[in-house]
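Here's the structure, in structure tokens; my notes come after.
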Number of protein chains: 2
Amino acid sequence: MDDYSFAMRTQGLKRSFIREILKVTEEPDVISFAGGLPNPTLFPVKEFSAAAARVLAAEGERVLQYSTTEGFPPLRELIAKRYRERKGLQVDASQILITNGSQQGLDLLGKIFIDPGDSVLLERPAYLGAIQAFALYEPEFRTVPLEEDGPDLDRMEEELGDGKKSPKLFYAVPNFQNPSGISYSREKRAAVARLLKGSGAVTVEDDPYGELRFIGEELPTLAGMLGERAVLLGSFSKIVAPGIRLGWICAPAQVMERLVTAKQGSDLHSNYFSQRVLYQYLSDNDLDAHIRRIRAAYGAQRDAMVKMLELHCPPEVSWTRPEGGMFLWLTLPGRLDAMELFDRAIKERVAFVPGAPFYVDGGGSTTLRLNFSNSDLARIETGIIRLSKAIKELLAGA
Amino acid sequence: MDDYSFAMRTQGLKRSFIREILKVTEEPDVISFAGGLPNPTLFPVKEFSAAAARVLAAEGERVLQYSTTEGFPPLRELIAKRYRERKGLQVDASQILITNGSQQGLDLLGKIFIDPGDSVLLERPAYLGAIQAFALYEPEFRTVPLEEDGPDLDRMEEELGDGKKSPKLFYAVPNFQNPSGISYSREKRAAVARLLKGSGAVTVEDDPYGELRFIGEELPTLAGMLGERAVLLGSFSKIVAPGIRLGWICAPAQVMERLVTAKQGSDLHSNYFSQRVLYQYLSDNDLDAHIRRIRAAYGAQRDAMVKMLELHCPPEVSWTRPEGGMFLWLTLPGRLDAMELFDRAIKERVAFVPGAPFYVDGGGSTTLRLNFSNSDLARIETGIIRLSKAIKELLAGA
């Protein structure tokens, strides 16, 4: 019983299951595939340190002062330019708002769009951080199942069709989704965009992993096909480092206006010192070369995990083969429960995230998420052998 | 007419009037008393740079990685220890949540406490950032007028008395308030705490300026008298630097639990790199000596502003004589309007913030806020002469 009269919106709040799980899995002899961490050995520590020294020496008083809500203009322009040059999007710096990681982008979008009871369409399974951010604005969640190449189009049409009130938002991670590792195919992107265009929904396209593709060709954004009916979220967490909490929202002018006002009330502006150090780092170094190194490393780690699963995992188990990103998704045979497997796996000193929390409407008990970005090849080999052993034991006992 | 269906809570949103005004006043020949900026010549740039180099050299991979929602434990303990040793508060590190400046503290408190229509009691005038943060959660604002030594106790009793439903929150800045510069006297603190204890209100005590006292003795916190019925907000923006966006909430365990969950959804955690650099800076340097330097500088600037007003300002005008902080509050004779004065002052190349936006329930048209922290003595002298000239002109024309 609380002694305080908290707001209604907090009544259903749960701490992130994943963040709680991470505490269990931090013991050093546990091989953890549970987190969603980028590999810190790839962080550009020296270059970042040089950038920090440079901006503080040149403009120390300036970079430690208050600044504008929208963010450092050259950093916003750099992001816009990458969209123009690499994605063919007609974007200028005025459409970029710098946020505290893309998680804050989700919170601000929830704040300006969601009234209690509004319908928000999620992928099934869906990114937990989005569920958490949006849930505080009390929407009614609906879901569209993900198939191997993107959303189930029939179900998508049902949710967006004429007979039904459009959801306010559709939240999508079309590249190497968290948790499933699934990417939308070129055809599905076009089909999904067609359905969305006919609806009243605003699409929130979250793309933290898009630059981390190791296989296949780059595919167009939904935002490019949807124009004013979409906002794009991006992040420096996976291509530079997450500890500086810098991401962005790219949005049409009318949406940007509300976002900036909401951001003023939320925290005035994002960390200006970090924005300036990041911009200096990006100016003095070749980001694309750095991203190629991350891709090569994660690609090798992904290959090792897939190969070890093929070698050691019982044939009743299936898994996704992601073309990029940081995650791989396992489905156990129907009689097994991933929570039970979790307990057994911890005894074997290996950890993962059970899939159920990613399903807002129940289900997913046979699924689990494996992270491959934050383990070296040796730990991936040992970890998958341990996990396979735990699965075999569970199968034998079931 | 919007093309988007935004949430109800955004309908009344206005961009901060102050942040808009600042754009007008940034021309270099304008002497601006409008902002609320600390003086950047006092930022510990070299020491901060050394701290950044040290943490990146020693633990670069660690400090650029994701971290915990609550914040860096030694930084939390340092804050708790200062409360214990300097304020006599029984606080431990588990009660400290690191936020993106204290502005985010206000947003998170709004998020967990305010349902639409809930009553929130503000000072009159009130800090604009709090009005903005809380307004997004659609409360009904009520106000208690500030007298020279704190709230009007009769009105406070009316608002908190038995006959009436208690407000959910009482928001107070008892030390050197923004915008008025007013501090609660020792007697008023005790009386206000007595009234609050008898009510159901939770007190949000915001203390960003408390360490910047140049005159008089340090006074007890409301939180110390209210125990579990209060939360305290603090900030490094005024005692170190605001560009790193680091502040904190100090709250009882039950409130902390909700705040941490809300913060997870809002942005996962505060900038970890900056937390580590700040902690290193605080470990390697004498913060109290640094604060003494700030106090001495601001005290001299405050004295200069008061002296120049006494010398040049018409006797019909009155002003506060703040014992600390960054602001001084002017009241014009009743027939003059501060917005009109603003236009005339800009022609004289001096700027301030008109007081009306600080009054949620109207009024305040004869008041204005002057910032003395971010101008050197020469600019204060010239600026007050210009402002006095504009006031005299307006008086002559009225």
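Taking B:V63 as the residue in question, decide whether it is facing chain A (nearest Cβ under 7 Å) and under 24 Å from the mean Cα position of the chain (by Cα).
no
Per-residue answers, yes or no, for (1) crowded, with 24+ Cβ neighbours inside 10 Å; (2) in contact (Cβ under 8 Å) with a residue 24 or more places away in the chain; (3) more than 26 Å from A:G325 (Cα to Cα):
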| position | (1), (2), (3) |
| --- | --- |
| A:G234 | yes, yes, no |
| A:A253 | no, yes, yes |
| A:R258 | no, yes, yes |
| A:G265 | yes, no, yes |
| A:S274 | yes, yes, no |
| A:D286 | no, no, no |
| A:Y298 | yes, yes, no |
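Provide a single number: the residues in segment A:87-108 that are more than 11 Å from A:L259 (Cβ to Cβ) and part of a helix (DSSP H, G or I).
7
When you look at B:G355, is it in contact with a Gly (Cβ under 9 Å, 6 or more places away or on another chain), closer than 16 Å to B:F33 by Cβ, of a type outside the set (D, E) and not assigned by TED's automatic domain parsing to the domain that holds B:S183, yes or no?
Judged against the criteria, B:G355 is a match.
Select from segment A:140-167 the residues that are modelled with pLDDT of 95 or more and of a type in the set (K, R) and list them in ascending order.
A:R142, A:R155 - these are the residues of segment A:140-167 that are modelled with pLDDT of 95 or more and of a type in the set (K, R).
Quick one: what pairs do we get from segment B:360-377, first residue closer than 17 Å to B:Q177 by Cβ, second surrounded by fewer than 17 Cβ atoms within 10 Å (Cβ to Cβ), C-beta under 7 Å, 6+ apart or different chains?
Hits for this filter: zero, empty list.
What's the total number of residues in segment B:101-129 that are within 14 Å of the chain's Cα centre (by Cα) and under 17 Å from B:S266 (Cβ atoms)?
Selection size over segment B:101-129: 8.
Are any residues in segment B:189-219 farther than 20 Å from B:V231 by Cβ and of a type in the set (K, R), and if so, which ones?
Once the filter is applied, which keeps residues that are farther than 20 Å from B:V231 by Cβ and of a type in the set (K, R), segment B:189-219 yields only B:R213.
Name the residue that is nearest to A:K165 (Cα to Cα), counting only residues in segment A:74-125 that are of a type in the set (G, A, S) and within 14 Å of chain B (Cβ to nearest Cβ).
For segment A:74-125, the residue satisfying everything is A:S119.
Taking B:G364, is it surrounded by 15 or more Cβ atoms within 10 Å (Cβ to Cβ), small (G, A, S) and under 24 Å from B:P125 (Cβ atoms)?
Yes: the conditions hold for B:G364.
Can you tell me which residue in segment A:256-301 is nearest to the other protein chains (Cβ to nearest Cβ), limited to those that are in a helix (DSSP H, G or I) and acidic (D, E)?
A:D267
Would you point out which residue out of B:G110, B:G181 is farther than 21 Å from B:T10 by Cα and touching a residue at least 12 places away in the same chain (Cβ under 8 Å)?
Criteria check complete, one pass: B:G181.
Could you look through segment B:42-60, keep only residues that are free of Cβ contacts under 8 Å to residues at least 40 places away in the same chain and surrounded by fewer than 23 Cβ atoms within 10 Å (Cβ to Cβ), and pick out the one that is farthest from the other protein chains (Cβ to nearest Cβ)?
B:A58
Could you tell me which numbered condition A:Q275 fails, if it satisfies all but one of (1) over 22 Å from the mean Cα position of the chain (by Cα); (2) under 30 Å from A:N39 (Cα atoms)?
Here A:Q275 clears every test but (1).
Can you tell me which residue within segment A:198-247, out of those that are among the basic types (K, R) and in a loop (DSSP other than H, G, I, E, B), is nearest to the other protein chains (Cβ to nearest Cβ)?
Here the residue is A:R245.
Evaluate segment B:206-219: report whether one residue or more is without any contact (Cβ under 8 Å) to a residue 60 or more places away in the chain, surrounded by fewer than 24 Cβ atoms within 10 Å (Cβ to Cβ) and closer than 23 Å to B:A356 by Cα.
Within segment B:206-219, one or more residues are without any contact (Cβ under 8 Å) to a residue 60 or more places away in the chain, surrounded by fewer than 24 Cβ atoms within 10 Å (Cβ to Cβ) and closer than 23 Å to B:A356 by Cα.
For segment B:168-176, check the following and say yes or no: at least one residue is under 15 Å from the mean Cα position of the chain (by Cα), polar (S, T, N, Q) and closer than 19 Å to A:L268 by Cβ.
For segment B:168-176, residues under 15 Å from the mean Cα position of the chain (by Cα), polar (S, T, N, Q) and closer than 19 Å to A:L268 by Cβ: absent.
Out of B:I21, B:I79, report the one residue that is part of a helix (DSSP H, G or I), touching a Phe, Trp or Tyr at 6+ places or on another chain (Cβ under 6 Å) and surrounded by 15 or more Cβ atoms within 10 Å (Cβ to Cβ).
After applying the criteria, what remains is B:I79.
Within segment A:172-230, track down each residue that is β-branched (V, I, T) and closer than 18 Å to A:T143 by Cβ.
A:V173, A:I182, A:V192, A:V202, A:T203, A:V204
Across segment B:107-145, what is the total count of residues that are aliphatic (A, V, I, L, M), closer than 21 Å to B:A356 by Cβ and touching a Phe, Trp or Tyr at 6+ places or on another chain (Cβ under 9 Å)?
Residues meeting the conditions: 9.
The values are calculated or read from the model by the stated rules, or taken from the named source; none is laboratory data. What you are looking at is a predicted structure, and each value in this text was computed from that prediction instead of being measured. With ideal geometry, Cβ positions are generated from the backbone for all residues, glycine too; neighbour counts draw on all protein chains shown.
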